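Where a number appears in this text, it was derived from the coordinates with a stated rule and is not lab data. Predicted model only: the values in this text are computed from it and were never measured. Because the Cβ atoms are built from the backbone with ideal geometry, glycine has one as well, and the counts that use them run over all protein chains shown.
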Amino acid sequence: MNTKEKDLKYIMHTYGRYDVALKSGKGATAYDEDGKRYIDVSSGIGVNSLGYCDEGWVQAVSQQAGTIQHMSNYFYSSQASDLAEKLCSLTGLAKVCFGNSGAEANECAIKIARKYSFDKYGAERNEIITLKNSFHGRTVTTLSATGQDVFHNFFFPFTQGFKYAEPNNLDDVKNNIDEKTCAVMLEVVQGEGGVNILDKDFVKGIADICSQSDILLIIDEVQTGVGRTGKLFAYEHYGVNPDLVTVAKGIGGGLPIGICLCGEKLKDVMSPSTHGTTFGANPVVCAGANYVLGRVSDEAFLSEVEKKGAYLEEKLLKIDGVKNVRRLGLMVGIEIEEDAHDIAAKCVASGLLIITAKDLLRMLPPLTITTAELDEAVSILEKTLKEN
Ligand SMILES: *Cc1c(COP(=O)(O)O)cnc(C)c1O
């Protein structure tokens, strides 16, 4: 059996895959098992922020694997404490909690928000407002947090205590807030929801309401974080100070990690045995993340991200069949006239690894992508749309 046949026989069918088995890569270029070359503007859904097999990252990770690959959370780890220190000093937040994925980071934020409110106001004040069209993960609780009906199926009963407000409608958020509300949770750019960039006034308005009523503001930066939007974190575009920030995807550079950061007033909410996970703070993963963060937090690196994004947008808008581009940094949604899933599959067949979000094409290229690779990506997309 080849890779595809084995996969179809032995792996549960929770993803509809493109017809490609990837084997290796370098930068934004990947190769399949037959040696065919692809430009990758998906980065494994915003994960490979430095591209495939960045030399410094490979060295950091392999060196740590050959030094000490894992220890339990009952011991101190310099890789984890260095990463925590770096994140706190870069954001002004106070403490972090490590996990393994975006959904887990969000679970952690939800637990902290509820415990803070429980300790201070009692068990009744436990509701969290999220936004319609959001995406917060695939665990039973984060599905519940996700404000899309299609995700609230099959796995009943879902976790109670979530209410959904219209994005960019501050009155609707206000109408949903009552004495039971403990937090508001949102992505400032809804990634899976179609690269919806929230209005500044809306996000600022929510932050104001939250701070007036001791309601916690949770920003899900799982997709938008770590340089993706041209700032280290996307909330920096909005001038708000969240109480909780969740980070995953891009920070590991390709290894599984999820982090929940919290501000000063929450730093002692969690006590021993209130949360944990075996692999959280794994030193190999943290070594990779330390390396990624060191590279991405540089101002010159971040301004390159915005420059490349603007360059890409300008080229995309010139393509026949592109109706509009929604973009912040290198987080790019492309509105087209054709069916996005159909076009994406055709692009993949023509050597461009691209993804979709709702009815848009979506690009989350490695932050290190070169102009030449961007040019190549645009020209494959242009040709595919023309031939369709
Ligand atoms: C991908 C994503 C998640 C879930 O992350 P996993 O690592 O897949 O659990 C949560 N929130 C946002 C905004 C995401 O894009």
Say the cut-off is 23 Å between C-alpha atoms; which of Lys26/Lys318; Lys115/Lys249; Lys86/Lys267; Lys249/Lys308; Lys132/Lys204; Lys132/Lys174 go over it?
Lys26/Lys318; Lys115/Lys249
Given all pairs of different Cα atoms, what value in angstroms does the Kirkwood hydrodynamic radius of segment 202-270 take?
12.8
Sequence ranges 359-370, 317-328, ranked by mean other-Cβ count within 10 angstrom, highest first:
359-370, 317-328
For Lys23, enumerate residues with amide H under 5 Å from its amide H, sequence gap 5+ or separate chain, H modeled in the peptide plane.
Tyr31, Asp32, Glu33
Would you grab the residues whose amide H sits under 5 Å from the one on Met185? Only those 5+ places off in sequence or on another chain, please, with H modelled 1.01 Å from N.
Ile129, Thr130, Ile218
Check Ala357: other-chain or 5+ apart residues with amide H under 5 Å from its amide H, H built from backbone geometry?
Arg362
With x for Gly and Pro, the residue-by-residue ³J(HN,Hα) of segment 337-349, computed from phi through the Karplus equation 6.51 cos²θ - 1.76 cosθ + 1.60 at θ = phi - 60° and given in whole Hz, is 6, 6, 6, 5, 5, 5, 5, 4, 4, 5, 4, 4, 4
Proximal lysines to Lys6, defined as alpha-carbon separation beneath 20 angstrom and excluding residues fewer than eight positions away on the same chain
Lys23
Per-residue HN-Hα couplings for segment 43-52 [Karplus 6.51, -1.76, 1.60; θ = phi - 60°; Hz; x = Gly/Pro]:
6, x, 6, x, 9, 7, 5, 9, x, 6
Simple spin-label model, 7 Å along Cα-to-Cβ: Gln160 to Lys318 in nm?
5.9
Over all alpha-carbon pairs in the chain, figure out the percentage whose distance exceeds 31 Å.
37
Pull out a ≥ b ≥ c, the square roots of the eigenvalues of the alpha-carbon gyration tensor of segment 314-388, then state rounded if a/c is under 1.5, prolate if not and a/b is larger than b/c, and oblate in the remaining case.
rounded
Could you please state, rounded to a whole Å, how far the C-alpha centre of segment 317-388 is from the C-alpha centre of segment 22-46?
15
Neighbours of Lys200 by Cβ distance under 14 Å: Lys/Arg at +1, Asp/Glu at -1, summed charge -2
Rank-order 24-33, 286-295 by packing density, defined as the average count of other C-beta atoms within 10 Å over each peptide's residues, highest first.
286-295, 24-33
Using distinct alpha-carbon pairs, which all enter the 1/r mean, Kirkwood radius of segment 146-304 in Å:
17.3
Calculate, in nm to one decimal, what Tyr311 and Ser379 gain on full extension: separation in residues at 0.36 nm each, minus their alpha carbon distance.
23.1 nm
